[in-house]
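In what follows, a single structure is set out as C-alpha cells and then discussed.
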Amino acid sequence: MSECEIMDEEIQEKIQNVVVFMCNECGQGSANTAGVARMAYEPAIRIIRVQCTGQIGPIQIMDALDNGADAVACVGCCIGACHFFNGNLLSMHRIKLMKKLFKELGYSDQFVNQYTSRAAEGETAVGDFEDIVERLSTAIKEKGTIKDGC
Amino acid sequence: MDVKIFQFNGCNKCFNETLLIKLDSHHKVQYIAEPKTWKGEKTEVAVITGYILPSDIEQLEKIKENSAKIIAFGNCTTMGGVFALANQHGYEVSPLKNYITNCLNVNSCLGEIEELNALINGDEPVKLKPLCEVCHRRATCDYLDIVQRQIELDDSETCYNDLGFLCNGFIAKECKEKCINYNTPCRGCKPMVERSGIRMLGMFGTLMGNIEMATEHSEKGATDKLADAEDDVTRSLPDILGNFFRFTLPTSGLPKGRIASSGKLIEDVFTGRLIEELPLITGLLGGTNSISLTLKVIESYEKANQIEISEQAKKYREELLKLEVDLKKSVENEDAKQYKEITEKIRKIAGNMNLSNVFFGGFKSKINENDNFEEYKTHVFEVVEGTYQNGSVEYSIDSDGIIKEIKIKEGKV
C-alpha cells in the first residue's frame, strides 16, 4: 500500500468512487482470496460482481461515469482463460475503443481500464486495484478529474 | 392551420424542404429565416429547423410563449446533428429538447416531409421498421477478421458490417434518404434507441472480436498495460467520434470535448474526420451549396493524386452543379413545385439530398439503366498525405487520412 499512502490528500479526496466490474470467476475469485489473506486495498474501490466481463460495454461504463464514478475498470480472467469463451477479449476490445474515444474528446484515457487476475493469487486483484488508483491519481494530477474536465 | 417555420443555425436544407408543405395542404405557412427579427405573434404550430446555440435561448422563449405546438424538424434540431461534432472542440451545439422539453421530433437528415405533415395535422406518427429489415443485404453478425475503411463495390449481398465496413444500420430506422442503396453504409441519422452511438460502439467492439489485439503479459502477470497498447483494434478505427457519434454527440451523455478550437464552428466539424468521410459530411451540411462544396473537395483530391475521371462522370457532375443553381432559384422564389422537381433530379444522380452517391473517382451506384456502370464506378483510393486546395476550400490530411486542418472561406463555398 506504499503508493497509496504517499498519495496527496487533495487527490485522495478526489478519488472517492472507483467502480470495478469483476467477473464471477477469476476476478471475484482473486478478490475473495485477497480477503481471506486479509490484504488491504484502497477504500475507494467499489466492486460490482458480474458473470463475465463480456457483459460490460460502453453503456455500463458511461452509466457508471454519469452517476458519479471517478473511474471504471473491468477485472476479468487472464487472456485466453475466460471461463466462458472469450468474454474478456470482447470487453477488452470495447474498452480499447472507449479509451480512444476519451482521447479523441481531449480527456485522459485512464478513467477506463481493463485488467486480469488469477483466482488463486489475491495479490493480482490487489495489484490491479493499486494500479487503477495510481494511474488515476497521475491523470488527475496532470489534468484534473473527469467532472471538472480532466 | 397557422404554421410558422423558423431556421436557426446550420445548413438550410431542412428549412428548404419545408417548402413542400405548401404542395398538398391548406395551411397558412410563414417562413422566418432569421428568428432574431421575428416580433412574436400567436401561432398554432411552430416548426424549428437547425441546431441550437446557447445564444438562441431568447428567441426560443419567444417561440415557446406564442406557439401551441412546437415541432423539431431534422436531425440538427432533434439531436444536434452533424454540426454537433464541433462539440469535440468545446462548442455547445445542442438539440431543441434541451430547451423545450415537450417538443415533437421529426428525426433524420434530411427531415422527412411526410412525418412533419402528420405531426402538423395531429395524425398518428408514421410507424417505421428497423433499417436492417428493409435492407437487401443480409447480416450474419460473425466476428470480423478485418475492418475496412473503403470497399470495392462488387458485393451487393453481404451486410456492410460483415465486410468490416462500419454501418450504423443496426441502430437505425428506415428512412427516405437510404444511403444503403447507394453503396454507402448507414450514417445513423435516424436512431431507434436512446444513446445510439454508445450502443453501436459496443456492438461494433464485439463484432471486432477476431481483430488481433496486444496480449503479451506485463510484469505483474496482469494486463494492466495491455489496454493502453497500440494495436490493430485502435488502428482500424481512427475516428471513433466521427463514425459512431456523427449525429448524436450532444445526446450521447459523453462529456464535452476539450480539443483546442480553430475558432470557426464549421471547420471544427471537419477537423479529425477521415478523408473518405469528407464528401459525405460536406454533402450533409453544405445546405444549398452542398453540391459545389462536395465537388470542390473531391476534385482537389483527384487532381492532386491523378485519379482519372471518365467523361460520363464529368457530365453527371456538371449536371448536378446546374441543378444546384436551379435549386437555389426555386428556393428564392419559394416555388414548391419546382423545388420538388429539381430535388427529384438531384436524387436521381446523387442518390439522395445528402449526395451519398458522389465519391472520389466517380459514382457509387448506377445512375441510368442504360449506362455502363464500369465507366464511372469508384474504386478504393490511396490515402496520400498532403494539402489540397480548390477555390474556397483548402484542407490538409495526415498519413492516416485524418483531416488536420481545413479552411472554408465563407460566402464562396
**Cβ crowding within 10 Å averaged over residues, with B:150-158, B:184-192, A:95-103 ranked highest first** = B:184-192, A:95-103, B:150-158
**Prompt:** Could you give the dipole magnitude of chain A about its Cα centre, charging the beta-carbon of Lys and Arg +1 and that of Asp and Glu -1, in debye to the nearest 20?
**Reply:** 660 debye
**Prompt:** Each residue of segment A:103-113 in turn: what ³J(HN,Hα) in whole Hz from Karplus with 6.51, -1.76, 1.60 and θ = phi - 60°, glycine and Pro shown as x?
**Reply:** 5, 5, 7, x, 9, 5, 9, 8, 7, 10, 8
**Asked** Dipole magnitude of the protein assembly as shown about its Cα centre, charges +1 at Lys/Arg Cβ and -1 at Asp/Glu Cβ only, in debye to the nearest 20?
**Response** 1700 debye
**Request:** Run the quick spin-label model on residue B:380 and residue A:13: label points 7 Å from Cα toward the beta carbon, then report their separation in nm to one decimal.
**Result:** 5.6 nm
**Prompt:** For A:100-110, what's the mean count of beta carbons from other chains sitting within 10 Å of each residue's beta carbon?
**Reply:** 6
**Asked** Could you work out the helix-only [θ] at 222 nm for chain B, with each DSSP H run of four or more residues adding -39,500 (n - 2.57) and the total divided by the number of residues, to the nearest 500 deg cm²/dmol?
**Response** -8500 deg cm²/dmol
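Dipole magnitude of segment B:6-163 about its Cα centre, charges +1 at Lys/Arg Cβ and -1 at Asp/Glu Cβ only, in debye to the nearest 20? Walk me through the numbers on the way to the answer.
Details: 15 positive and 23 negative charges, 152 e Å.
Its charge dipole is roughly 740 debye.
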**Prompt:** When we measure straight from the Cα of residue B:404, which aspartates and glutamates land under 18 angstrom away, once same-chain ones fewer than 8 places off are left out?
**Reply:** A:104, B:239, B:267, B:268, B:276, B:277, B:382, B:385, B:394
**Request:** Using the charge dipole of chain B (Lys, Arg: +1 at Cβ; Asp, Glu: -1 at Cβ; taken about the Cα centre), state which of B:86, B:244, B:37 has its Cα farthest towards the positive end.
**Result:** B:37
**Complete:** Extension length gain for residue B:145 and residue B:409 (0.36 nm per residue less Cα distance), in nm, is 90.8 nm
**Asked** If pairing requires two Cys Cβ atoms under 4.7 Å apart, which cysteines of chain B are left without a partner?
**Response** B:11, B:14, B:76, B:103, B:132, B:135, B:141, B:159, B:167, B:175, B:179, B:186
**Above-threshold pairs, the threshold being 19 Å between Cα atoms, out of B:62/B:97; B:4/B:42; B:315/B:345; B:127/B:366** = B:127/B:366
**Request:** Beta carbons within 10 angstrom, averaged per residue: use that to sort the peptides B:76-89, B:194-207, B:338-351, B:32-45, highest first.
**Result:** B:76-89, B:194-207, B:338-351, B:32-45
**Request:** Name the lysines eligible as straight-distance cross-link partners of residue A:141: C-alpha to C-alpha under 26 Å, and not fewer than 8 places from it in the same chain.
**Result:** A:14, A:96, A:99, A:100, A:103, B:220, B:225, B:256
**Asked** At a Förster distance of 56 Å, what's the computed FRET efficiency of residue A:143 paired with residue B:1, Cβ-Cβ distance as r, to 0.05?
**Response** 0.60
**Message:** Using a Gaussian network model on chain B with a 10 Å cutoff between Cα atoms, which of B:307, B:402, B:171 fluctuates the most?
**Reply:** B:307
**Fully extended contour minus Cα-Cα distance, from residue B:25 to residue B:256, at 0.36 nm per residue** = 79.0 nm
**Prompt:** Picking from B:401, B:365, B:384, whose Cα lies most toward the positive end of the charge dipole for segment B:340-413 (charges on Cβ: Lys, Arg +1; Asp, Glu -1)?
**Reply:** B:365
**Request:** Excluding residues on the same chain fewer than 8 positions from residue B:129, give the aspartates and glutamates whose Cα lies under 18 Å from its Cα.
**Result:** B:112, B:114, B:115, B:174, B:177, B:194
**Asked** Hey, if you put +1 on the Cβ of every Lys and Arg and -1 on every Asp and Glu Cβ in the protein assembly as shown, which of A:120, B:27, B:106 ends up farthest toward the positive end of that dipole?
**Response** B:27
**Item:** Cα centroid separation - segment B:239-289 against segment B:36-102, whole Å
**Value:** 19 Å
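Here, each number is a calculation from the coordinates, and none is a lab measurement. Please read these numbers as outputs of a predicted model, since none were measured by experiment. Cβ atoms come from the backbone with ideal geometry, glycine included; neighbour counts cover every protein chain shown.
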